[in-house]
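Every number in this text was worked out from the coordinates using simple rules, so none of it is lab data. All values derive from a computational prediction rather than experimental measurement. Ideal geometry is used to build each Cβ from the backbone, glycine not excepted, and the neighbour counts take in all protein chains shown.
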DNA sequence: GCGCATAGTATGGTCAGACCACACTTCGAA
DNA sequence: TTCGAAGTGTGGTCTGACCATACTATGCGC
């Protein structure tokens, strides 16, 4: 009965990198040593190093690319939503979580962010200006549905960013991504989509107006109705 | 300029498994085909199949074990907290921990869960009974500090589970895991820890009492004070 | 027929070594 | 000076091998 049940080889690399991140030896934008170098450093095979890198990749912590030069190899980025949304999506598929839970969580996070007093008034004003532009772009009748959803997501994330909490922001983004597949499937891209998008535009404008006039509680309420209504259409 | 920029080999397996999960061909508890079999099915190497399995493992979607028989190989589970907390922890390491954001998020999630009417009264009663046991165990003066934190975490997660939202529960658990390292560092394990733990015990009991007597709003308020106070001690 | 040690078999975990496509770097020819 | 060709280092993939493990089947002794 060993106290060392299964020391995965790749864990060594993962721990080493996490430690370097904490100590500041590695920072955003830095390049990781090459796989062959890491393998030699830790005295493990390149295959195991690749396991670790692959995990960091999926978690949205590094971006890998082939070739040589300053932008090649594994570069440290920070895209928390990538890993989390992937995880949520798979668990959704596996029925480990359900749509109700996602919607509940979205409402929780977004209404909280709406009611929170902005941490940075200057940034808040910028957000209000930029979301106004997004609303105009969503009015374009020529817009493809994918593009609409993309701008829609940006709209919501921008508003939430006013609260100045990146953790909440990342979770929100992840929730949106995780469920986009489901949304695309459950509302067919035909004539039934047109009435929906008209309501969404109206709701976005009302939400934006509430923010612009600093009626934050009303904004929160409108967001809750917006989200609830939208998912009531998916079925 | 190909339309096929970089079709990672492991993605094929991932897509196939996700699709099987959606269609119900694969369900929780099922065993995945062996790595060698999957490699042949998809006409890729075992190494690439392993990439896919490794990802599912990190995401908390499968559990792998060696040997043969019904419990060997890759078995489908659903442990959303695993992947999310790993992702969150690494990103916090990369960006530098912002305690304010963590505290804000914890308060948001836990007070929400406290105020939410229980989805399952029977389960709620079980939670109240089990948390009572945890409180008693935390009274043990012989308890190591690590053990105390472990039980403490279980206490909070259990209470939050009453709301019946796995996503919120996973996010909570992830937040706790992600900063346990920080907490352990910032409160030295000496005489300064003893007064803290006494207050924590008292707060836990008050929270439990509020739940047991169905004063959910009061419980939420106590939890907020509990979390705020605790982090005010870390520095 | 029963009990139990043994050999067999399939699993994931790890390793070594090879080849590829790619992107940048270097350097020589025009 | 310019520009194209060769060089070099990167991750991506593949092959084939060996290991420890955990179950399964065998067959021996009784």
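Can you tell me the Rg and the Dmax, both Å, for the Cα atoms in the stretch B:70-134?
Looking at the stretch B:70-134, its Cα Rg and Dmax stand at 17.0, 46 Å.
Counting only other chains, what is the mean number of Cβ atoms within 10 angstrom of the Cβ of each residue in peptide A:75-81?
3
Give the angle, between 0 and 90 degrees and rounded to the nearest 10, that separates the Cα long axis of helix A:9-23 from the longest principal axis of the Cα atoms of chain A.
The helix A:9-23 is inclined about 70 degrees to chain A.
Under the definition of Cα pairs under 8 Å and six or more residues apart, what whole-number percent is the relative contact order of chain A?
Contact order relative to length: 19 percent.
Relative to the first principal axis of the alpha-carbon coordinates of chain A, what is the inclination of helix A:99-115, with its axis defined by its Cα atoms, in degrees from 0 to 90 and to the nearest 10?
Helix A:99-115 and the main axis of chain A meet at about 70 degrees.
Go ahead and set up a Gaussian network model of chain A, Cα springs under 10 Å, then flag whichever of A:215, A:115, A:142 fluctuates most.
Judging by the Gaussian network model, the answer is A:142.
Compute the Rg/Rh shape ratio of the stretch A:106-235: radius of gyration over Kirkwood radius, all on alpha-carbon atoms.
Details: Rg = 14.1 Å, Rh = 14.9 Å.
Result for the stretch A:106-235 is an Rg/Rh of 0.95.
Enumerate the residues in the stretch A:109-125 having an amide nitrogen under 13 Å from the point lying 7 Å beyond the Cα of residue A:137 toward its Cβ.
No residues fall inside that zone.
Mind giving me the FRET efficiency for residue A:100 and residue A:43? R0 is 45 Å, r the Cβ-Cβ distance, nearest 0.05 is fine.
Taking R0 as 45 Å, the efficiency between residue A:100 and residue A:43 is 0.40.
Bin width 10 Å, origin at 0, all Cα-Cα pairs of the protein assembly as shown: what percent of pairs per bin?
4, 17, 27, 28, 18, 6, 1
Distance between the C-alpha centers of the stretch A:175-228 and the stretch B:65-103? Whole Å please.
The stretch A:175-228 and the stretch B:65-103 have Cα centres separated by 31 Å.
To test your reading of the geometry: what angle, between 0 and 90 degrees and rounded to tens, separates the Cα axis of helix A:46-58 from the longest principal axis of chain A?
Value to nearest ten degrees: 20.
Ranked from highest to lowest mean number of other Cβ atoms within 10 Å per residue, what is the order of the peptides A:79-89, B:122-132?
Values: A:79-89: 24.8, B:122-132: 14.9.
Descending mean neighbour count gives A:79-89, B:122-132.
Say we join alpha carbon atoms closer than 10 Å with springs in a Gaussian network model of chain A; which of A:192, A:178, A:161 then has the biggest fluctuation?
A:192
By what distance, in whole Å, do the Cα atoms of the stretch B:10-130 stretch along each of the three principal axes, largest value first?
The Cα atoms of the stretch B:10-130 stretch 51, 41, 28 Å along their principal axes.
Ratio of alpha-carbon Rg to the 2.2 N^0.38 Å globular estimate for the stretch A:157-232, to two decimals, please.
1.21
Give the dimensionless ratio obtained when the Cα radius of gyration of chain A is divided by 2.2 N^0.38 Å.
Working: Rg = 21.5 Å, N = 235, 2.2 N^0.38 = 17.5 Å.
Against the compact-globule rule of thumb, the ratio is 1.23.
Using only atoms on other chains, find how many Cβ atoms lie within 10 Å of each Cβ of peptide A:94-104 and report the average.
Other-chain Cβ atoms within 10 Å of each residue's Cβ, averaged: 6.
Of the residues A:18, A:173, A:101, which exhibits the maximal mean-square fluctuation in a Gaussian network model of chain A defined by a 10 Å Cα contact cut-off?
A:18
If you take the beta carbon distance between residue B:228 and residue A:149 as r and set R0 to 30 Å, what does 1/(1 + (r/R0)^6) give as a FRET efficiency, to the nearest 0.05?
0.20
I'd like the Kirkwood hydrodynamic radius of the stretch B:9-76, using the inverse of the mean 1/r over distinct C-alpha pairs, in Å. Walk me through the numbers on the way to the answer.
Numbers: mean 1/r = 0.0841 Å⁻¹.
For the stretch B:9-76, the Kirkwood estimate is 11.9 Å.
In peptide A:49-56, what is the residue-averaged number of other protein chain Cβ atoms found within 10 Å of each Cβ?
Working: counts 0, 4, 6, 1, 0, 8, 9, 4.
The per-residue average across the peptide is 4.
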